[in-house]
Amino acid sequence: MFSSFERLKRKTTSKDLNRSDYLQALVTEFQETQDNSAKEQVLANLANFAYDPINYQYLRDLRVIDLFIDCIDIDEDVNGSIVEYGIGGLCNLAPEPENRQLILDHPASIENAIRCLSSSVEETVLSAITLLMQLVIPDSRSRIVTTAVVECMQNFATMQNARYRNLAIIFLEDYCSAEERALATQGTSGQYLYIPVPKK
């Protein structure tokens, strides 16, 4: 649930005055450290901070949205945790309209999020599905609700994993027309990008 700006101001204390500096230090550490475990910890912290509306403006100023999008563009085999925390951070930010627009304005955001649907990490897949739903607005719908994505969701909807299945059903029922679902069911192989689902 989002708070009003006045409520957020009342919630902010004098200790929050250094919040910007602290977040800047986290971003700098992530960019400069060569230690992968340190990178993971810093990114997990940034993703957690992305959950709180008080931090939104700080994170926008620090271009953390771009950082998260870059993180979901790496090879999961190299560091799956970085991808997981990156997509989780975007998922935390996307419900707010200004954040959502910044995500959509990034040329690689949707493509990278769709790629995460094939992750072997369950939390990454769940965050990817949730993020794609959050990003569907009239201007972006045609980029997200593609035949490939609809077919992928249909595959998830038949899986034993209830978390995948339930989110996929919501996507299909709330964001896809009957015609789009039927087209994906036809399996016009070769005419669109196939998205493999995890073997779970």
Exercise. Do we have any residue at all in region 78-87 that's over 24 Å from GLN41 (Cβ atoms) and not assigned by TED's automatic domain parsing to the domain that holds THR185?
Worked result: no
Seminar exercise, completed: Checking GLU76, GLU123 in turn, the sole residue that is more than 10 Å from the chain's Cα centre (by Cα), under 25 Å from ALA168 (Cβ atoms) and outside any helix (DSSP H, G or I) turns out to be GLU76
Problem set entry | Single residue of region 126-152 satisfying the filter (in contact with a Leu (Cβ under 6 Å, 6 or more places away or on another chain) and at pLDDT below 95) that is farthest from GLU180 (Cα to Cα) | CYS152
Exercise. Which residue out of GLN34, GLN24 is outside any helix (DSSP H, G or I) and farther than 20 Å from ARG115 by Cβ?
Worked result: GLN34
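The values are calculated or read from the model by the stated rules, or taken from the named source; none is laboratory data. Everything numeric here is computed off the predicted structure, so don't read it as measured data. Quick reminder, even Gly has a Cβ in these numbers, built from the backbone with ideal geometry, and neighbours come from all protein chains shown.
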